[in-house]
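Below is one structure, written out as C-alpha cells, with a few remarks after it.
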Amino acid sequence: MASTNDIKNGTTLKLDHGVLWNVLEFQHVKPGKGGAFVRTKLKNVMTGKIVDKTFNAGAKVEFANVDRSEMEYLYNDGEAFIFMDTSTYDQIPVPDTVVGDDQNFLLENTKVTVATYEGNPLYIELPPAVELEITETDPGVQGDRSTGGTKPATVQTGATIQVPLFITTGESVKVDTRNGDYLGRVN
C-alpha cells in the first residue's frame, strides 16, 4: 500500500476489488479552506473507459506491479498476435481484444511496449508514429475541395486514413498511431 502522494502519470492503481486503472493525469490540489486532495483522470486497463476520481491527500491506494517490456511484433496466427521479448527472445501471444484498434498501425518487426500483469498482457503501446505504404487511393482531382483537400486512402495494414489530394498509390506516409492522422510523406 502507498499513499496518494506517490501517484504519478503512467502508474497503475488497483481499485474497486482488483480493477486496474492507469493514471492519465493527476493534480495535487490544496484549497484555502479544507483538506488537500488529489484529482486524477483514470483509464480502465481492460475496457478503456476514462473516469475522473478524487482522493483525499495521504489516503492509502494500492499500486499494481505492471511489467512493461520492449517487444517486437512477429506475426498474427489468426487467434492472437505473437510478440517476442527483445532481451530474452521469449514469445508471448497477445489476444486480438487486447491489441484492439492498434492492429491498424501494427507492421511485422515493429518494436512496441507490452504491459503485463501477473503474466497476462494488458495493453500494447505503439510508437507515436509509423511509416505505412499507401496500397489504394483514388487520384485527386485539382479543384475538388468539397472534402477539404483530403481523400480516403488504404494503407498496407488495411486501415483507411485521410490523406491530402497529392498522395498517390505506392507512396509511403507517416501516420500518428494515437488518432490515425496523416503526418507527412516519407522519402
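The values are calculated or read from the model by the stated rules, or taken from the named source; none is laboratory data. Computed from a prediction, not measured in an experiment: that's the story for all the values here. As a convention, Cβ positions derive from the backbone with ideal geometry for all residues, glycine included, and neighbour counts pool all protein chains shown. Protein only, heavy atoms only, side chains kept; ligands, DNA and RNA dropped before computing areas. Shrake-Rupley method; radii C 1.70, N 1.55, O 1.52, S 1.80 Å.
Filtering VAL99, VAL175 for residues that are open to solvent by less than 20 Å² (accessible area, probe 1.4 Å) and in a helix (DSSP H, G or I) leaves a single hit, VAL99. All conditions but one from (1) among the charged types (D, E, K, R); (2) modelled with pLDDT of 90 or more; (3) surrounded by 12 or more Cβ atoms within 10 Å (Cβ to Cβ) apply to GLU125; the one that does not is (2).
The residue that is farthest from THR116 (Cα to Cα), among those in the range 1-26 that are open to solvent by 80 Å² or more (accessible area, probe 1.4 Å) and within 20 Å of the chain's Cα centre (by Cα), is PHE26.
Residue-level analysis places PHE83 among those that are open to solvent by less than 20 Å² (accessible area, probe 1.4 Å) and touching a Leu at 6+ places or on another chain (Cβ under 7 Å).
Restricted to the range 56-75, and to residues there that are open to solvent by 70 Å² or more (accessible area, probe 1.4 Å) and at pLDDT 90 or above, the residue that is farthest from LEU126 (Cα to Cα) is ASN56. Do the conditions hold for ASP144, that is, is it charged (D, E, K, R) and either over 26 Å from LEU107 (Cβ atoms) or modelled with pLDDT of 90 or more (or both)? When the stated conditions are applied, ASP144 passes them. Does any residue of the range 45-55 turn out to be surrounded by fewer than 16 Cβ atoms within 10 Å (Cβ to Cβ), in contact (Cβ under 8 Å) with a residue 40 or more places away in the chain and at negative phi? Yes. Filter the range 28-44 down to residues that are part of a strand (DSSP E or B) and more than 15 Å from ALA59 (Cβ to Cβ) and give me whichever is most open to solvent (accessible area, probe 1.4 Å). Ranking the candidates gives LYS43 first.
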